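Engineer: I have a structure here, written as structure tokens, and I will follow up with some questions on it.
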Amino acid sequence: MNDVTITVLPGDGVGPEVTAQAVRVLRATEKRFRHSFTVLRRPVGQEAVEAEGVALSDLTFATCAQSDAVLFGAVGSPPGGAVRDLAARPEHALFRLRKGFGLFANLRPVRPLPSLFGASPLKPEYLKDTDMVFVRELSSGIYYGHLDPVPGKPSEIRRSGAVEEAVDTLLYTAAQIEQVVRAAFELAARRRRKVTSVDKANVLSSSVLWREIVERVAPEHPDVTYEHLLVDACAMRLIRNPADLDVVVTENLFGDILTDEAAMLTGSLGMLPSASLGARRTRGGRFGLYEPVHGTAPDIAGQDRANPVGAILSAALLLRHSLGLHQEADAVEEAVKAVVGQGYRTEDIAESGCTLVGTREMGRAIRDALLEA
Ligand code: IPM
Ligand code: MN
């Protein structure tokens, strides 16, 4: 495949280190499968605030818009730099990308590798056969409001006289729910054909509507079974019987929280990739933003200590969902499995008897496994 453009936004903290390894793996894929990818780089987050005055410049946005996919590292304020004005935070780059490109479906696959069962706080018998994908609604819900204030959807701190209060609004239109629920059913149809829709319908109106929409969309896929699960019960199911879950679809904030919990099944947040997909079609699939689920990890930034697997597996998702290169994506995932199976571990997933390696060494080993396969 030629004429493919991938824009890399390395960002802050460990972002540049892990995306560098993901690019290395993409380059190896290019070589092994004889493709040609153009890789562009633009600043984002705190790095961009310093270089361009904003967390995500118009030029960077336009560069992403002209690409087939975006590979993203992480963004965050420098430690101790609490910013009161939410709009001036580096995280806003993420919101602008999510909202600006209409990235409504955030896929977060959770598939613990048997060789890493020992690195998880759960007993191996609970992890066996666990293979789920979260479909987190990403462009609406309680997350949005402060970005572009919408009438009837306040998000603000109010102070006047003795009154001190704050409000956020959880608002979903039926169309927003429908598009993400439909994406979940379509995904389930290609997997184990089970959808678990997670809500808080015993309390929230938005969840009552969410359930209604699930009931409306479900008949489009008679071969897919589905269930409704309350979010608190889901938190428990994730620990007690994770193998029972196939595709889990839920609103933005629930998805944010549950996927950090689910990450621990794999042994480390550093293992988890994500794909944020919108409606725009590319030649090979859909335009998307790919990023590890972990953040900037300022405590270990710049020390060659971060786990690059989340970023590398995000590159695999990029190959699959935006470029339609399925064999290539499988090959990257196999290479990760092989290297971790051989005992290569960054410190977050280290166990006794393993080969402890840094970010670069882990990336190199995965690249080599891919080229030697
Ligand atoms: C994530 C992150 C972001 C989110 C933060 C950095 C705003 O936690 O991608 O899960 O909450 O969406
Ligand atoms: Mn999160």
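No lab work stands behind these numbers, since they all come straight from the coordinates. From a predicted model like this one, the values you see are computed outputs, not experimental measurements. Neighbour counts run over all protein chains shown; Cβ positions are idealised from the backbone, glycine included.
Engineer: Over region 155-289, one equal point on each Cα, no solvent: what is log10 I(q)/I(0) by the Debye formula at q = 0.09, 0.11, 0.17 Å⁻¹?
Structural biologist: -0.33, -0.48, -1.03
Engineer: Let me ask you something else. How much mean residue ellipticity at 222 nm does the chain get from its helices, if each DSSP H run of length 4 or more adds -39500 (n - 2.57) and you divide by all residues, to the nearest 500 deg cm²/dmol?
Structural biologist: Mean residue ellipticity, 222 nm, calculated: -11500 deg cm²/dmol.
Engineer: Over the alpha carbons of region 92-165, what is the largest minus smallest coordinate on each principal axis, giving the biggest first in Å?
Structural biologist: Its Cα atoms span 57, 35, 20 Å along the three principal axes.
Engineer: Something else: Cβ under 9 Å from Tyr172's Cβ, Tyr172 left aside: what net charge do those residues give with Lys, Arg +1 and Asp, Glu -1?
Structural biologist: On the way: positive: none; negative: Glu137, Glu251.
Once positives and negatives cancel, what remains is -2.
Engineer: Over what distance in Å are the Cα centres of region 315-342 and region 167-197 separated?
Structural biologist: If we compute the Cα centre of each part, the gap is 25 Å.
Engineer: Please identify the trypsin sites (Lys or Arg not before Pro) of region 103-175 that satisfy two criteria: DSSP loop assignment and at most 13 other Cβ atoms within 10 Å. Which are they?
Structural biologist: Lys128
Engineer: What would the Debye formula give as log10 I(q)/I(0) at q = 0.10, 0.11 Å⁻¹ for the alpha-carbon point model of region 251-373, no solvent?
Structural biologist: These q points yield log10 I(q)/I(0) values of -0.33, -0.40.
Engineer: Next question, about the same structure. Quick one: compute the contact order of region 217-291, relative version, from alpha carbon pairs under 8 angstrom and 6+ residues apart, as a percent.
Structural biologist: 16 percent
Engineer: Convert 25 °C to kelvin, take the viscosity as 0.890 mPa s, use the Kirkwood radius over C-alpha pairs of region 308-373 as Rh, and evaluate the Stokes-Einstein diffusion coefficient in µm²/s, rounded to a whole number.
Structural biologist: Numbers: Rh = 12.0 Å.
This corresponds to a translational diffusion coefficient of 204 µm²/s.
Engineer: Give the relative contact order (percent, whole number) for the chain; include only Cα pairs under 8 Å separated by 6+ residues.
Structural biologist: Averaging sequence separation for qualifying contacts and normalising by length gives 22 percent for the chain.
Engineer: Still on this structure: Mind computing the radius of gyration and Dmax over the alpha-carbon atoms of region 120-224? Å is fine for both.
Structural biologist: In Å, with Rg to one decimal and Dmax whole: 18.2, 59.
Engineer: Here's a follow-up. For region 211-262, how big is Rg over Rh, using alpha carbon atoms and the Kirkwood form of Rh? Please list the in-between numbers first.
Structural biologist: Working: Rg = 11.9 Å, Rh = 12.1 Å.
Reported Rg/Rh (Cα atoms, Kirkwood Rh): 0.98.
Engineer: While we're looking at this one, here's another question. Considering lysine pairs in the chain that are 8 or more places apart or on different chains, how many have Cα atoms under 26 Å apart?
Structural biologist: 9
Engineer: Please compute the volume of the convex hull spanned by the alpha-carbon atoms of region 285-333 and report it per residue in Å³.
Structural biologist: On the way: hull volume 3.5 nm³, N = 49.
Considering the Cα atoms of region 285-333, their hull volume per residue is 71 Å³.
Engineer: Quantify how much of the Cα-Cα distance distribution of the chain extends past 33 Å, in percent.
Structural biologist: Details: 19648 of 69378 pairs.
More than 33 Å apart: 28 percent of the Cα pairs in the chain.
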